[in-house]
Amino acid sequence: MKRKNYSTNTVKNYLSGLKQFLVWVDVPIEKVDYPKILHYIDFLLDRRQKPKTINCQLNRIRKFYDHLIYEQDVKMENPVRAGCALRMGRPLPKHLRDEQIELFLAIVDDVRDKAIFMLMLRSGLRVSEVANLKFDAIDFRRGKIFVYGGKGGKDRVVYVSKDAVKALAVYLKVRPKSGSKYVFLVRKGTYRGQPLSIRSMQKRIKHHARKAALNASCHHLRHTMATQMLNAGADLSTIQDLLGHSSVTTTQRYCTVSNLKVQTDYFKAMEKVMQRTSGHHSSD
């Protein structure tokens, strides 16, 4: 996995999932067969695991056996067959409505947290990208952030709106004095001056969302940015670049959510059609 340049987080999740399987399995690993994998799927379903979680776990096990077969020369068939994966409904990306965003931001009275959330909401940054943000990646003068090694190891440039720059500036005035290159730091306790973790950021948004009586996550803010951009007339390819999606198909899912843009485009185009065709009807 290191050779393929997977992130530390991905490697950690992979090892954790694999350990869970190896603890569960009651036969030597080279004796595991397809029926045993089906039995394991039933075990995970009984524990109320979601199809997406189970499929991720099956993928980890498949990779593990691929490694044994192709790199360790273990003579066996991969027990995780192509048909093992569970069917998944594809939920539409969840986003917050404009009035919910107003309410949420009004509730957030912590300047550090507000700066974090504004970068997700205005620049479409993932929580991991905000947690890993360093000063040398920010071009304040041009309103740009360079995202190094995003999801899939891809680099990209995102832009920072005026209100997000302002929120960031307000935070930097009160940021703990530290030699850390990371922008967002822990403010008190044993870890004061250390980079704020992904988990801490997720906990902070849950804390503020609870106060606002909203169901909101870091990912909701990123999805909201995409939906708002689409409703404001931005091209799908622009949003794809900003979000760092490999395929436009992923970005296209926002079209289903963003009915306002479809509605606006329809009436705007239909007005032109009617103007062009009025007066050209032949009488019956």
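Name the residue, out of Val160, Val174, Val165, Val108, that is within 20 Å of the chain's Cα centre (by Cα) and β-branched (Val, Ile, Thr).
Val160
Of all residues in segment 95-139, which are of a type in the set (Phe, Trp, Tyr) and either surrounded by 20 or more Cβ atoms within 10 Å (Cβ to Cβ) or in contact with a Cys (Cβ under 7 Å, 6 or more places away or on another chain) (or both)?
Phe104, Phe117
Only one of these conditions is not met by Leu103: (1) within 20 Å of the chain's Cα centre (by Cα); (2) part of a helix (DSSP H, G or I); (3) touching a residue at least 60 places away in the same chain (Cβ under 8 Å). Which number is it?
Checking Leu103 against (1) within 20 Å of the chain's Cα centre (by Cα); (2) part of a helix (DSSP H, G or I); (3) touching a residue at least 60 places away in the same chain (Cβ under 8 Å), the one that fails is (1).
Looking for something in contact (Cβ under 8 Å) with a residue 24 or more places away in the chain, within 20 Å of Ala234 (Cβ to Cβ) and over 19 Å from the mean Cα position of the chain (by Cα) - is there at least one such residue anywhere in segment 119-138?
No; the residues of segment 119-138 include none that is in contact (Cβ under 8 Å) with a residue 24 or more places away in the chain, within 20 Å of Ala234 (Cβ to Cβ) and over 19 Å from the mean Cα position of the chain (by Cα).
I'd like the full set of residues that are in a helix (DSSP H, G or I) and surrounded by fewer than 17 Cβ atoms within 10 Å (Cβ to Cβ), limited to segment 166-178.
The answer is Lys166, Ala169, Val170, Leu172, Lys173, Val174.
Looking at (1) closer than 24 Å to Lys154 by Cα; (2) surrounded by 12 or more Cβ atoms within 10 Å (Cβ to Cβ); (3) free of Cβ contacts under 8 Å to residues at least 24 places away in the same chain; (4) not hydroxyl-bearing (Ser, Thr, Tyr), can you tell me which one Lys12 breaks?
(2)
If you take the residues of segment 205-242 that are surrounded by 14 or more Cβ atoms within 10 Å (Cβ to Cβ) and assigned to a loop (DSSP other than H, G, I, E, B), which of them is modelled with the lowest pLDDT?
Ala234
Is it true that Lys19 is modelled with pLDDT of 90 or more and in a helix (DSSP H, G or I)?
Yes: the conditions hold for Lys19.
The values are calculated or read from the model by the stated rules, or taken from the named source; none is laboratory data. Quantities reported herein were computed from a predicted structural model and do not represent experimental measurements. Methodologically, a virtual Cβ is constructed for each residue, glycine included, from the backbone with ideal geometry; neighbour enumeration extends over all protein chains shown.
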